[in-house]
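For reference, the structure is listed below as structure tokens.
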Amino acid sequence: MTIKKDYYKIKAENIIKNFKKRNIEGFYVENSKAAREKILDLIQENSSVSWGGSMTLDEIGIFSDLKTGNYNLLDRATAQNSTEKEKIYHQALSAEYYLMSSNAITQSGKLVNVDGNGNRLAALIYGPKNVIIVAGMNKVTADEESAVKRVRNQAAPANSVRLDQKTPCAKTGHCSSCQIEDTICCQTVITRRSRHKGRIKVILVGEELGF
């Protein structure tokens, strides 16, 4: 184990203790392979599974496992048109398991997320029986203020480029608090506690993943 891995593990263990105080269940794994194994260990077969847009989930390779497994997938990528996509968005809110990442996580265990459409945050807040969050240790920040700054000036610009949004941050790399139609920063949700114990599960990965 490298010094960085040792550091990540120590840091994650402390965050997991803080998660517990917030009714959030936390786990630490060293790499993407272990993250996939943990996700599959948490999801029961024959259950309904959906997810929000996430580079992290794509990078760890979980989608191929889900598509070859015995699950009822609610995948908006299979929609033939906007009407079908909208239907899947709503069905996802009743899924037994919903997968996503978090834009930032504070050392005290708060989850900080910013969204455009809000479907991902809607599922985080209410609906799915279980929410499984996967996040690389690069998303950990000192506090709530630095978490919001991270989202605005790192995650949002990178995601705007990925989604080909014509936002100022996609050109400059930093937030200008724009009000244009393409903005992906419409809702900000700070999760300080899970109302239902263990509903939210966070898998911290000892790698740099996503934006």
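In whole Å, what three semi-axes, largest first, describe the equivalent ellipsoid of the stretch 96-211 built from its Cα gyration tensor (square root of 5 times each eigenvalue)?
24, 16, 12
So how exposed is Ser177, as accessible area in Å² (1.4 Å probe, rounded to 10)?
Spelled out: Ser177, probe radius 1.4 Å, area about 70 Å².
What does the extension gain come out to for Lys87 and His196, with contour length at 0.36 nm per residue minus their alpha carbon separation?
Roughly 36.6 nm would be gained on extension.
With every protein chain kept in place and ligands, DNA and RNA left out, what is the accessible area per residue of the chain? Probe 1.4 Å, answer in Å².
52
Under 4 °C and 1.567 mPa s, how fast does the stretch 22-89 diffuse according to Stokes-Einstein, given a Kirkwood radius computed over C-alpha pairs? Answer in µm²/s, whole number.
On the way: Rh = 13.5 Å.
So the translational diffusion coefficient is about 96 µm²/s.
With viscosity set to 0.890 mPa s and temperature to 25 °C, compute the Stokes-Einstein D of the stretch 140-187, Rh being the Kirkwood radius across alpha carbon pairs; µm²/s, no decimals.
Details: Rh = 10.8 Å.
Here the translational diffusion coefficient equals 228 µm²/s.
So if R0 is 45 Å, what FRET efficiency would Asp182 and Asn31 give, r being the distance between their Cβ atoms, rounded to the nearest 0.05?
The calculated FRET efficiency here is 0.80.
How far apart, in nm, are the 7 Å Cα→Cβ label points at Lys166 and Glu144?
Output for this residue pair reads 3.6 nm.
Counting other Cβ atoms within 10 Å, keep those with at most 10, restrict to DSSP loop, and tell me which GluC sites (Glu not before Pro) in the stretch 27-95 are left. Show your work: numbers first, answer last.
On the way: sites: Glu30, Glu37, Glu45, Glu59, Glu84, Glu86; in loops: Glu30, Glu45.
When the GluC sites (Glu not before Pro) of the stretch 27-95 are filtered for loop state and at most 10 Cβ neighbours within 10 Å, Glu45 remain.
Taking the alpha-carbon distance from Lys110 and a cut-off under 17 Å, which lysines remain once sequence neighbours fewer than 8 residues away in the same chain are dropped?
Lys11, Lys17, Lys20, Lys21, Lys139, Lys149, Lys197, Lys201
Sort Ile60, Ile3 by accessible area with a 1.4 Å probe, largest first. Please list the in-between numbers first.
Numbers: Ile60 0, Ile3 145 Å².
The residues order as Ile3, Ile60, largest area first.
State the dimensionless ratio Rg/Rh of the stretch 1-148 (Rg: radius of gyration of Cα atoms; Rh: Kirkwood radius).
0.97
Between Asn46 and Ser64, how many nm apart are label points set 7 Å from Cα along the C-beta direction?
Those two pseudo-labels are separated by 2.8 nm.
Kirkwood Rh over Cα pairs of the stretch 32-71 into Stokes-Einstein at 37 °C, 0.692 mPa s: D in µm²/s?
The diffusion coefficient I find is 313 µm²/s.
Out of the DSSP beta bridges found with both residues in the stretch 101-211, what percent are antiparallel (nearest 5)?
45
Count the net charge of all other residues whose Cβ sits under 15 Å from the Cβ of Arg162, scoring Lys and Arg as +1 and Asp and Glu as -1.
My count for the surroundings of Arg162 gives -2.
Just want to confirm a number: the relative contact order over the chain, from Cα pairs under 8 angstrom separated by 6+ residues, in percent.
Value for the chain: 30 percent.
What percent antiparallel are the DSSP beta bridges of the stretch 31-170, to the nearest 5?
Of the beta bridges lying entirely in the stretch 31-170, close to 15 percent run antiparallel.
The values are calculated or read from the model by the stated rules, or taken from the named source; none is laboratory data. Since the structure is predicted, the reported quantities are computational estimates derived from the model, not experimental observations. We place every Cβ from the backbone using ideal geometry, glycine too, and count neighbours over all the protein chains shown. Quick note on the areas: whole protein, heavy atoms, side chains included, nothing else; ligands and nucleic acids left out. Shrake-Rupley method; radii C 1.70, N 1.55, O 1.52, S 1.80 Å.
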